[in-house]
Amino acid sequence: YCLIHFYKRERIRMASILTQLRHGNTLTHLCFNQIKANSKQLLPATNVLSGREPSCAKSPSLATEQNGFIARLCHKFAPDADHEKEIYSGILSAQIKLVKTFSLTTSFIGMACQPILYSYSSHSNLAVMLASGAFLSFFTFVTPVLIHSVSKKYVTKLYYNQVEDKYTAVVYNIFIRPKKIQFRLRDVKVPDVPGAFTTFKAKDYPLFVDMDAFRDPTHYGKIMGYDENSSKPINISH
């Protein structure tokens, strides 16, 4: 019973620390003392968790790295925490979904009408039959493939997992079903010459994003390698 009570109390305390981090408050000495008392077995001994003045006060880049590590720790132990945070929403997601839906619908209608057209083809001219068949086949098979070849790169949603420090991009497959692509900063390659509808490649999968659609432009800078404080080396593919 004592162990259960202690476990619940510590989870509530870690949740309060997480709330301070979400509101942008800096980690005070009290917060450091709480993390030191609760995480001796989880964290290595560092200057941040020691009784001395944290070295991050002298180095802003070190402060960002250490605060990010502690924030992920607090976020992991917070009760009922949603680790996936939406940081991007494509402005053309609804339009792309409508276009793909219309294209697939017309393709299914075309395939359903082909047996009827073939039944009347014996009474028509051969040239007219070939022309109508080619026209119908183009809109039935070629159009959905062309639309998908462009729209499959468009990122509709982008999530960031603060605990695992990774991103999840959501795109549409050919049947308008969400497809998730998980990657880390080290998996990103920025082409030297951007291709058509390609902003970057994540695990060799081309993706397209709009910089203005990011809720936090910092993530765009990290993904593209613009953030100098990011631990990810800029990987440029030739």
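Numbers for the structure displayed
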| quantity | calculated |
| --- | --- |
| Residue satisfying condition, being over 30 Å from Arg215 (Cβ atoms), open to solvent by 50 Å² or more (accessible area, probe 1.4 Å) and without any contact (Cβ under 8 Å) to a residue 40 or more places away in the chain, within set Leu117, Leu136, Leu98 | Leu117 |
| Candidate set: segment 152-206, residues that are within 12 Å of the chain's Cα centre (by Cα) and among the charged types (D, E, K, R); chosen: the one surrounded by the most Cβ atoms within 10 Å (Cβ to Cβ) | Lys157 |
| Per-region count, segment 168-214, residues among the basic types (Lys, Arg) and within 14 Å of Lys153 (Cα to Cα) | 5 |
| Tally, over segment 207-219, of residues that are open to solvent by less than 30 Å² (accessible area, probe 1.4 Å) and either aliphatic (A, V, I, L, M) or at pLDDT 95 or above (or both) | 4 |
| Per-region count, segment 139-179, residues touching a residue at least 40 places away in the same chain (Cβ under 8 Å) and part of a helix (DSSP H, G or I) | 6 |
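The values are calculated or read from the model by the stated rules, or taken from the named source; none is laboratory data. All of these numbers come straight from a predicted model, not from anything done at the bench. For neighbour counting, all protein chains shown are included, and Cβ atoms are generated from backbone atoms with ideal geometry for every residue, glycine included. Accessible surface is based on the protein model in full, side chains and every heavy atom, while ligands, DNA and RNA are left aside. Shrake-Rupley method; radii C 1.70, N 1.55, O 1.52, S 1.80 Å.
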